[in-house]
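Read the figures in this text as sums done on the coordinates, not as results from a lab. It should be emphasised that the depicted structure is a prediction, and the values quoted were computed from it without experimental measurement. All Cβ positions, even for glycine, are placed from backbone atoms using ideal geometry, and neighbour counts span all protein chains on display.
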Amino acid sequence: MQNQNQDPKKNPEEASEQQPFSETDRKFAKIKIALFCVLMVGGFLVGLLFFLRPAESAKEKRKLTEFPAFTIQSFLSGAYTNQISTWYADTYPFREALIGADQSVKSLSGFRGTQLDKGNKGDKIDTGDTRSLDDILSDLEESRKNDPITDPAGDAEMIEGYYIVGDTAYELYAFSQMNSLKYAQLINQAAASVSGKAKVYDLIVPLSYAVALSPETQKKINASDCEEAIAYMYRYMDSTVRTVDAMSALRAHRNEYLYYRTDHHWTALGAYYAYTAFCESAGVSALPLSSWQEYRFEGFLGTLYNHTGSGALAKNPDTVYAYLPNGTNSAHVTERNGKSADYAIMQTATDRWYPRADSKYNCFIAGDNPLTEIHNPLKSDGSSIVVVKESFGNAFVPFLVDSYEYVYVIDYRYYTDMTLSRFVTEKNIDTVLFINNIIATSAGVRLDEMGRLIRG
């Protein structure tokens, strides 16, 4: 039997059990319990939010990424984990509400103003020692003198970095010399990777302000000169790359409805004139616009309205015009969740997208999907083209359907199955067309995505 009067120092382990908790021990215990409770509640909330993730985006006017279906092939290739990452980022709970709250705070704090000098000024477009580029820029200056642009009438203001004149908003572009050179190099690498298999074309889409606003106003709002920037990038592309001068075609029709007033995209009419420029470069017969049946969808308020909340834009919504291909209106689409289905090339009022009043730009090829495949049964010449694009390519693609037997569309932001070279080889494609709005050429994330497609 143990002696109750035993000295605790002789048995330290037993002594420690008998000692009362110190004040510090109690504090740490409380902290641990609190952290445990937070983790438990947090885990519960995260699990709950898994089921509360939104399915559609009102601001971005699209159906959000669905949780991907599991397949052994997609898991082993790594595509499955990439698809989960895309789903997670695309469906973050309360994302739009948080962004909206942030914009409201900015508005209350006076960040919305009418100053005309708040654009994000980009790098100076340096001609360097290249005489040919100097000549190009000199020709541009001369053409502008012969065909000056008259600025649109109306009150002007800058809201959230967007320039608004009257009932029309303009997204602005800042030239990046480093990223512009990188873009040109990527296109060169793409051409080299399919050399002997397919011809490569590049079409850079200018933003609406480059077509509608005078050079003086563009400088005033610190917007980079799109025409000069495009000339710069084209100058550094290899002779094997065939560049498409969409800018000249658009400027020649600048008084027409080429871009939406409330959205950053071009209209189908603007895309059509770019299609004629591509056809001229590719030696393909461009069909007249009257060749296709026209549809119109009223009441479109796009991304620029959502970003600015401008009352002037709200009072004058856009009309979306779309044109029905003659050869077929059927496309086989691989969605971002890995599933595939058949959709209409031009969505109508009874199709998937139109019933959503804020998603009318998705009437073109069912929106942004990793891969779209179109077969025109009225042609049997084996002609084929793959369009590598971001969202500006959506309104362009339907015009190609009647010019090729096979039309493939890769949205490089989401497509991860194989490299461009392998795709061209497996599908026996003879023409590759890159379509990018000019902001994509300076966006690091877009360049990385294109690089993944080109280099693997």
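When you count, for each residue, the other Cβ atoms within 10 Å and take the mean per peptide, how do 338-346, 151-159 rank with the highest first?
Peptide ranking by packing, descending: 338-346, 151-159.
Taking amide H positions as placed in the peptide plane 1.01 Å from N, state which residues far from Thr243 in sequence (5 or more) or on other chains have amide H under 5 Å from it.
HN-HN under 5 Å from Thr243: Asp202.
Return the long-range amide H neighbours of Asn437 (sequence gap of 5 or more, or a different chain), with a cut-off of under 5 Å between placed amide H atoms.
Val205, Glu390, Phe392
For each of Thr308, Thr319, count neighbouring Cβ atoms within 10 Å of the residue's Cβ, then give the residues from fewest to most.
Ascending Cβ contact count within 10 Å gives the list Thr319, Thr308.
Arrange Trp292, Trp266 by Cβ neighbour counts within 10 Å, fewest through most, would you?
Fewest-to-most ranking of Trp292, Trp266: Trp292, Trp266.
Provide Rg over Rh for the stretch 158-213; use the alpha carbon set for both Rg and the Kirkwood Rh (inverse mean inverse pair distance).
Taking Rg over the Kirkwood Rh, I get 1.18.
With 10 angstrom as the radius, rank Leu324, Leu304 by how many other C-beta atoms surround their C-beta, starting from the fewest.
With the fewest neighbours first, Leu324, Leu304 line up as Leu324, Leu304.
Based only on the alpha carbon positions, what is the Kirkwood hydrodynamic radius of the stretch 346-456, in angstrom?
After inverting the mean inverse Cα-Cα distance, the result is 14.8 Å.
Would you pull out the residues with amide H under 5 Å of Ser340's amide H, same chain only if 5 or more places away, H placed 1.01 Å from N?
Glu335
Which value, in debye to the nearest 20, gives the size of the charge dipole of the stretch 131-455 about its Cα centre, when Lys and Arg are +1 and Asp and Glu are -1 at the Cβ?
In debye, rounded to 20, the stretch 131-455 gives about 660.
Could you work out Rg/(2.2 N^0.38 Å) for the stretch 234-353, with Rg from alpha carbons only?
The value comes to 1.27.
Each label point is 7 Å from the Cα along the Cα-to-Cβ direction; what then is the distance between the points at Leu324 and Tyr257, in nm?
It is 1.9 nm.
First obtain the Kirkwood hydrodynamic radius of the stretch 131-455 from its Cα pairs, then insert it into the Stokes-Einstein equation at 25 °C and 0.890 mPa s, and state the resulting D in µm² per second as a whole number.
122
Based on the alpha-carbon set only, what is the convex hull volume of the stretch 167-311 divided per residue, in Å³?
Looking at the stretch 167-311, the number lands at 142 Å³ per residue.
With respect to the cross-link table entries Lys182/Lys315; Lys182/Lys360; Lys182/Lys427; Lys199/Lys220; Lys315/Lys389, which display a Cα-Cα separation exceeding 30 Å?
Beyond 30 Å between Cα atoms: Lys182/Lys315; Lys182/Lys360; Lys199/Lys220; Lys315/Lys389.
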